[in-house]
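The values are calculated or read from the model by the stated rules, or taken from the named source; none is laboratory data. From a predicted model like this one, the values you see are computed outputs, not experimental measurements. Virtual Cβ from ideal backbone geometry, glycine too; neighbours counted across all protein chains shown.
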Amino acid sequence: MTQPTDTPIYGIHPVEELLSARRQDVEHVYFDKDKRSQALFELLRICRRERMSYNLVPEAKLDALAGTRRHQGVVAFCSVRPYDGAEAIDGIVSAKPAPLFVVAASIEDPGNMGAIIRSCVCLGADALLLERKNTVPLNAAVAKSSAGMFERLCVAKPRNLEGLIAGLSNDKGFSVVGAAVEGGVSPESHDFRGPTVLITGGEHRGIPPYLQKQCSATVTIPMTPLGQSLNASVAAAVLLYEIARQRKDI
């Protein structure tokens, strides 16, 4: 089986094996936009069906990504550690009376992602849920910035994140709370002691609209008039601290 790696995996058969054996760990697939074959079409069809992140790029871009011209029109990258599956999330829900899941939406900077992972571990979050697209991959830079916490947290990239959150809210009694720059209640005035999904936004996009719709409450961190907004990972840490304080985890 292909091992987690920051290096490219190229060629039709190696990428076929990767999509078959470790589909949930594939971060991005690049296709030659001008190359045509049935095998490439099948790989592209899988990416579309599974909502995987992919791009059609010029051949020169693939040459640069693969470091060779022998890529057969496809190059893939996967995470440096396997993502946890649905069974891990189900196990947490079954085992704990009030799980805390963090959704780090649209985080593009590996430093921010690593810092969020570190805060999740230090402040008692049970799992980190990521989007299939628009999110930095779990690469070596994320691992380094997490300061050794990379392997200590359940990190999942569900095929249908929206459906998973809806199921937790409707069937498991989770409160879905979004973090907003303005317009929300102060974090200390919201009761975080029950099962909670905390959704934080990215550096540029904030919380995507499809996730905003699922929020039953919104919180905003108070700031001085001189402050406009907090760094994404800092905001996540502040909210996680308040949740841990309410739950008496610290």
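Among the conditions (1) touching a helix residue (DSSP H, G or I) at 6+ places or on another chain (Cβ under 7 Å); (2) assigned to a loop (DSSP other than H, G, I, E, B); (3) under 13 Å from residue 150 (Cα atoms), residue 107 misses just one, which is (3). When segment 207-250 is filtered for residues that are of a type in the set (Val, Ile, Thr), under 10 Å from residue 179 (Cβ atoms) and either part of a helix (DSSP H, G or I) or not assigned by TED's automatic domain parsing to the domain that holds residue 194 (or both), only 238 remains. Within segment 204-250, the residues that satisfy the criterion of being out of contact with any Gly (no Cβ under 8 Å at 6 or more places or on another chain), surrounded by 13 or more Cβ atoms within 10 Å (Cβ to Cβ) and hydroxyl-bearing (Ser, Thr, Tyr) are 229, 241. The number of residues in segment 85-119 being out of contact with any Lys or Arg (no Cβ under 9 Å at 6 or more places or on another chain) and crowded, with 20+ Cβ neighbours inside 10 Å comes to 12. Restricting attention to segment 18-45, the residues that are part of a helix (DSSP H, G or I), more than 20 Å from the chain's Cα centre (by Cα) and surrounded by 14 or more Cβ atoms within 10 Å (Cβ to Cβ) add up to 4. The set of residues in segment 143-174 being under 18 Å from residue 82 (Cβ atoms), without any contact (Cβ under 8 Å) to a residue 40 or more places away in the chain and aliphatic (A, V, I, L, M) consists of 149, 153.
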